[in-house]
Amino acid sequence: VELARLGGDEFTALVPLNQASDRAQEVADLMLSQMSKPLQLSGVPEVTIGGSIGIAIYPADGTSISELIKHADQAMYLAKDAGRGCFRFFTRALQESAEMRVRLAGELRRALDAGQMEVYYQPIVELDSGRITKAEALIRWKHATQGFVSPATFIPIAEDTGTIHELGEWVFEQVLHQTLRWRGILGPDFQVSINISPVQFNSGEQTFLRWIDTLQAAGLPGSNLVIEITEGLLMGTDPGIRDTLLRFRDAGIGVAIDDFGTGYSSLSYLKKFDIDILKIDQSFTRNLAPEGADFALCEAIVVMAHKLGLKVVAEGVETELQRDLLRQIGCDYAQGFLFSRAVPAAEFETLRVDCGQSGEGVKKL
């Protein structure tokens with residue numbers, strides 16, 4: 001076996017094998033097993049490491065050194081995405097996916113200038129009154145040839161390439177102008193929420209301080225804006241995150257935990273950070289039924305949140321039964337296809353909701 005260090009924490013192993021696929025799997029298993037064994041270093045407590053392995057086989061996966069390394073690298077990142085500590089083989093489907101990703105990354109950088117981006121808004125309904133009192137801003141990319149590209153596809157690309165910062169600034173500007181308009185026609189308490197990627201916090205608090213200054217200069221109260229973040233962001237050790245959230249609080253901007261219940265769901269960060277809203281993930285509301293486990297979990301989240309002075313939004317509400325059960329346990333707000341999909345701003349203004357016993361959902365004027 002020939003072993004070489006490519007750079008950083010990446011190594012390449014050249015292993016001559018017969019019956020390559022089966023033997024490659026055996027070698028990869030052995031390497032992962034050896035890497036996971038504890039190490040005893042001088043003057044340092046016991047240390048453990050791990051690794052992720054990508055496998056490319058000659059000549060099926062490439063006939064040149066550069067081609068084999070590139071394909072093994074693609075497979076390695078697939079192993080990392082699978083949770084690390086495992087291996088993955090290169091496949092042609094993986095290559096096609098990687099090539100598509102590279103192509104979309106280049107086109108994404110030009111999408112804003114090309115006018116292909118638009119902010120859609122999904123209504124958030126107050127369950128007690130049946131009124132639309134909030135909206136979630138969601139970016140949409142209408143590609144020139146492929147039509148709408150799923151955010152699940154292009155947001156990770158934007159995060160990996162850094163384009164997320166430019167997109168985030170643009171979304172903030174669009175939401176600022178739209179919320180100023182809606183204060184006049186939908187009421188001074190109307191709120192719009194913006195999703196913030198953990199990557200955006202990497203640029204430091206200066207970005208968000210500028211947002212706060214822009215809000216104040218435009219005459220828009222911070223209370224009209226909610227920042228949605230993930231649970232994982234709060235588990236980091238960066239003190240700048242806490243400082244930024246305190247800045248939001250001082251400016252009156254709300255903070256919501258998105259997809260609550262699917263991540264760490266730690267009660268400690270609810271006390272440590274100034275959180276205003278918990279958003280119950282749609283995986284809990286999808287199978288909501290009386291006496292079911294999801295019903296009990298949703299009820300527990302609502303009770304806990306209210307004890308802590310937080311409001312609760314249930315995501316993914318699609319049926320009248322789900323809506324009625326959420327109202328029964330005292331959930332404050334709901335959003336989902338029962339009421340409306342995310343729609344362009346002009347269409348949003350025509351929506352009216354009937355959340356009464358008739359359960360007619362959203363109507364257009």
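Odds and ends about this structure:
- Close pairs (8 angstrom Cβ cut-off, 6 or more residues apart or separate chains): of a type in the set (Ser, Thr, Tyr) in segment 54-70, modelled with pLDDT of 90 or more anywhere: 58/68
- Residue match in segment 292-302 (condition: within 22 Å of residue 330 (Cβ to Cβ), touching a Phe, Trp or Tyr at 6+ places or on another chain (Cβ under 8 Å) and modelled with pLDDT under 90): no
- Taking every residue in segment 21-40 that is assigned to a helix (DSSP H, G or I) and pairing it with any residue that is among the aliphatic types (A, V, I, L, M) and open to solvent by 60 Å² or more (accessible area, probe 1.4 Å), at least 6 positions away or on another chain, the pairs with Cβ-Cβ distances below 9 Å are 27/1; 35/49.
- The numbered conditions (1) at negative phi; (2) surrounded by 10 or more Cβ atoms within 10 Å (Cβ to Cβ) are all true for residue 84 except (1).
- Here segment 96-129 is the region considered, the condition is being of a type in the set (S, T, N, Q) and touching a strand residue (DSSP E or B) at 6+ places or on another chain (Cβ under 8 Å), and the residue that is least open to solvent (accessible area, probe 1.4 Å) is 122.
- Within the set 261, 219, 240, the sole residue that is small (Gly, Ala, Ser) and touching a strand residue (DSSP E or B) at 6+ places or on another chain (Cβ under 8 Å) turns out to be 261.
- Helices (runs of 4 or more DSSP H) within segment 135-235 that include 3 or more residues touching a Cys at 6+ places or on another chain (Cβ under 9 Å) and either in contact (Cβ under 8 Å) with a residue 60 or more places away in the chain or buried (at least 20 other Cβ atoms within 10 Å of the Cβ) (or both): none
The values are calculated or read from the model by the stated rules, or taken from the named source; none is laboratory data. Everything numeric here is computed off the predicted structure, so don't read it as measured data. Don't worry about glycine lacking a Cβ; one is built from the backbone with ideal geometry, like all the others, and counts go over all protein chains shown. When the accessible area is computed, the model is the full protein with side chains, heavy atoms only, and any ligands, DNA or RNA have been set aside. Shrake-Rupley method; radii C 1.70, N 1.55, O 1.52, S 1.80 Å.
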